1. How many angstrom lie between the C-alpha centres of region 62-127 and region 20-47?
2. Dipole of the chain, Cα-centred, from +1 at each Lys and Arg C-beta and -1 at each Asp and Glu C-beta, to the nearest 20 debye?
3. Let me test this: with uniform point scatterers at the alpha carbons of region 4-125, what is the Debye-based log₁₀ I(q)/I(0) at q = 0.23 1/Å?
4. How high is the relative contact order of region 4-125? Use alpha-carbon pairs under 8 Å, at least six apart in sequence, and give a whole percent.
5. Mind checking region 26-127 for trypsin sites (Lys or Arg not before Pro) that DSSP puts in a loop (not H, G, I, E or B) and that have at most 15 other Cβ atoms within 10 Å?
Amino acid sequence: MENLFIEGTTTTPKIDFNAKNDILIIYGRSIPEHPINFYKPVESWLTEYLQTNPQKISLEIHLDYLNTHSTECLYILLKKLETFMIETTNNVSVIWHYDEDDEDLFDMGENFAEMIKIPFKFNPIDQ
């Protein structure tokens, strides 16, 4: 399976989904004008990737800002991973990177961790 790489911009995050090492990275800022258009190919790739039955997946998220619609799109990706983990009992984890001084993004990660039954690890980044 081919990897998915989308270069980040000032309004969209870098997407670096590596099917060979099972590390999925979302990095940057997510405020696209049309979040569904941006995240749809990401969701499609994830669906196809999960059909390969990876045994251990690590999703690393480090966003400095995301708008409400991006939050909804991220939730859809996390739910897809949660369903896969429950149905297969394969290992899925999320590493939530956040700037140490950014309480809002830390809280958002905690909210996701409460809603999604995937193990979350919180990694503060010192600015």
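Every read-out reported here was derived from the displayed coordinates using simple, explicitly stated rules and does not represent laboratory data. Treat the numbers as computed from the prediction; the structure is a model and nothing was measured. FYI the Cβ positions are ideal-geometry reconstructions off the backbone, even for glycines, and counts take in every protein chain you see.
1. When both Cα centres are located, 13 Å separates them.
2. Values: 9 positive and 22 negative charges, 139 e Å.
Roughly 660 debye for the chain.
3. Normalising to I(0) and taking log10 leaves -1.56.
4. Numbers: 192 pairs, mean separation 26.3, N = 122.
22 percent.
5. Details: sites: Arg29, Lys56, Lys79, Lys80, Lys117, Lys121; in loops: Lys117.
Of the trypsin sites (Lys or Arg not before Pro), the ones in loops of region 26-127 whose Cβ has at most 15 other Cβ atoms within 10 Å are Lys117.
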